Amino acid sequence: KIIEEFEHDHSKLATKDVARRSFLLGEGRIELVYHLSPEHITQNTREFVIPQLSADQGFNLTWSPDMTSAYHADLHEAEPKDTELFTLLEQLVKAQEQSQTIVRTSEQEVLNILDSRNNEEAKTTLSISVYNVERNEKARKYRQEQEQRAAAEEKLRKEKEMDYLAPFLARLGDPTTLTKDQAQRVRDDCLQDLKSRLVDVANIIQTRYEQETTALQKRQTEYQEHQSNEEYIDYCKEAMFRIHILGRRLENHKSQAPGRFRALEARLKHDQRMAILYQ
């Protein structure tokens, strides 16, 4: 995960100026949170789902409206056109690549510094006389122990980053083994977390669907009263398109949610750390 935060550029509308940009690399998503406008109590947000690209595709993205969803604090704010959203997605993908490069460079610099320090510390043992067998042997064992400890800590860190139970185990102090009560709590918390995330996504899509429907109904009422021009027809076409996409996303999400929940239950059941629950 890479998170970037930006000061408000007062030459732009707050609702159009990104305050926080999150690249969720492991999930293939990009989240945008815009600055808070004085007229609203909530901030605009937008999310993009990035398709998996092969190495030879580069930035040759393909666009589908269901690759993005948004929340507008102003119910009457118009959704950008697909071409604008696609352009924004291309810019974000390139920005993500640049950010990853910067992070990798920084990590390499840190590793180089650590290597340099390790080399300097290792060289200090050369001052021990070659005739002092006891001290040389102790220094060698000490270095080996330090290297083994560092390797073990690094392995543990990587395992935790990939461990779906890590956040819930951390709440218990990362115990090496779990009691039955602890295992039950971890299982319940893990399932509840997934359930909450599924509900949150469904609520976001549902809210956006209702906003689009309400806005279209209002525009239709205005048309009946004032008989607007072709702009009204274009608006209705785009609005119906967005409503259709949101409805399809909501249906897909609801149909896939039970399967995702069952998959997590099965994964927990086969996790050795949860074995005490099924003995």
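From the list A257, A263, the lone residue that is touching a helix residue (DSSP H, G or I) at 6+ places or on another chain (Cβ under 6 Å), open to solvent by less than 90 Å² (accessible area, probe 1.4 Å), among the small types (G, A, S) and more than 30 Å from H76 (Cα to Cα) is A257. Determine, yes or no, whether I245 is part of a helix (DSSP H, G or I), open to solvent by 70 Å² or more (accessible area, probe 1.4 Å) and of a type outside the set (D, E). No: the conditions fail for I245.
A quick yes/no check of all residues on (1) crowded, with 17+ Cβ neighbours inside 10 Å; (2) among the basic types (K, R); (3) out of contact with any Asp or Glu (no Cβ under 9 Å at 6 or more places or on another chain):
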position: L13; (1), (2), (3): no, no, yes
position: R20; (1), (2), (3): no, yes, no
position: G28; (1), (2), (3): no, no, yes
position: S37; (1), (2), (3): yes, no, no
position: N44; (1), (2), (3): yes, no, no
position: A73; (1), (2), (3): yes, no, no
position: E79; (1), (2), (3): yes, no, no
position: E84; (1), (2), (3): no, no, yes
position: V93; (1), (2), (3): yes, no, yes
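Of all the numbered requirements in (1) modelled with pLDDT under 80; (2) open to solvent by 80 Å² or more (accessible area, probe 1.4 Å), R104 misses one, and that requirement is (1). On inspection, R135 does not qualify as modelled with pLDDT of 85 or more, open to solvent by 60 Å² or more (accessible area, probe 1.4 Å) and part of a helix (DSSP H, G or I). Of the set (1) of a type outside the set (V, I, T); (2) open to solvent by 30 Å² or more (accessible area, probe 1.4 Å); (3) modelled with pLDDT of 85 or more, all apply to F59 but (3). Residues in the stretch 6-29 that are closer than 21 Å to H72 by Cβ, in contact (Cβ under 8 Å) with a residue 12 or more places away in the chain and not β-branched (V, I, T): F6, H8, L13, A14, K16, D17, A19, R20, R21, S22, R29. Among the residues of the stretch 62-80, those that are assigned to a loop (DSSP other than H, G, I, E, B), under 17 Å from K16 (Cα atoms) and without any contact (Cβ under 8 Å) to a residue 60 or more places away in the chain comprise A73, D74, A78, P80. Would it be correct to say that A151 is modelled with pLDDT under 90 and loosely packed, with under 12 Cβ neighbours inside 10 Å? Judged against the criteria, A151 is a match.
The values are calculated or read from the model by the stated rules, or taken from the named source; none is laboratory data. All values reported here derive from a predicted model rather than from experimental measurement. Backbone-built Cβ (ideal geometry, glycine too); neighbour counts: all protein chains shown. Areas reflect the complete protein model, heavy atoms only, side chains present, ligands, DNA and RNA absent. Shrake-Rupley method; radii C 1.70, N 1.55, O 1.52, S 1.80 Å.
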